[in-house]
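What follows is calculated from the coordinates using simple rules that are stated; it is not laboratory data. Source: prediction; values computed, not measured. Here the Cβ is made from the backbone with ideal geometry for all residues, glycine too, and neighbour counts use every protein chain on show.
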Amino acid sequence: MKKLTLAIILSAVCCISTFAQDAKGTAQVTPERWDAFLAGFWFGVPASIETANVCGLKWGLPVSSGSGKVVGFEWSFICCATDTVKGFQWAMVGPNISQDFTGMQMALVNVVEKKISGLQFGIVNKCDKEGVQIGIVNAADNANYQFGIVNLNKNGWMPFMVGYNHGK
């Protein structure tokens with residue numbers, strides 16, 4: 001219970017700092033709707049999970065997905081698959097899948113389709129560019145740093161390395 005409380009408090013702090021940065025940098029034309037908590041049960045179930053933005057906790061029982069944004073903590077038992085995440089994403093027995101990610105992903109398999117600014121920690125990690133990967137198999141076009149048994153970094157220092165590899 002203490003860990004859950006700590007995670008919620010940290011999510012709230014992340015939300016406050018993110019909105020403070022947005023307020024200084026750009027003017028918002030139309031305000032977006034943000035939820036503090038959202039639970040998903042499968043891909044697109046409930047229907048509101050597809051486009052919902054969450055600042056806090058997005059919880060998948062067993063799956064969390066959608067094209068909206070998460071600022072805070074996304075947790076699920078089987079799969080986390082929200083397109084844009086700023087914070088922590090953790091799937092206990094399945095993959096984390098995201099388009100644009102800032103923060104830390106932890107799962108058996110982590111996939112970021114575009115850009116990651118942060119850390120992927122799992123057995124298999126894949127990203128397009130940037131980020132730090134720690135796992136058994138790491139694959140990227142140009143990751144900043146990779147630590148694992150097999151490191152594939154197509155445009156990195158070396159295309160294939162054992163133990164450690166880094167980007168250009």
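Tabulated data
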item: log₁₀ of I(q)/I(0) at q = 0.25, 0.30 Å⁻¹ - region 127-168, Debye sum with one point per alpha carbon; result: -0.62, -0.92
item: Fewest-first sequence of VAL150, VAL45, VAL162 by Cβ atoms within 10 Å of each Cβ; result: VAL162, VAL45, VAL150
item: DSSP beta bridge pairing in region 127-168, given as percent antiparallel to the nearest 5; result: 40 percent
item: Cβ-derived FRET efficiency at R0 35 Å, VAL162 paired with TRP34, nearest 0.05; result: 0.20
item: Exposure proxy order (Cβ contacts within 10 Å, fewest to most) of PHE41, PHE73; result: PHE41, PHE73
item: Linear extension gain, LYS154 paired with ASP141, 0.36 nm per residue minus alpha-carbon span; result: 4.2 nm
item: Order of GLU50, GLU130, GLU32 under a 10 Å beta carbon neighbour criterion, fewest first; result: GLU32, GLU50, GLU130
item: For VAL71, distant residues with modelled amide H under 5 Å away; result: VAL54, CYS55, GLY56, LYS86
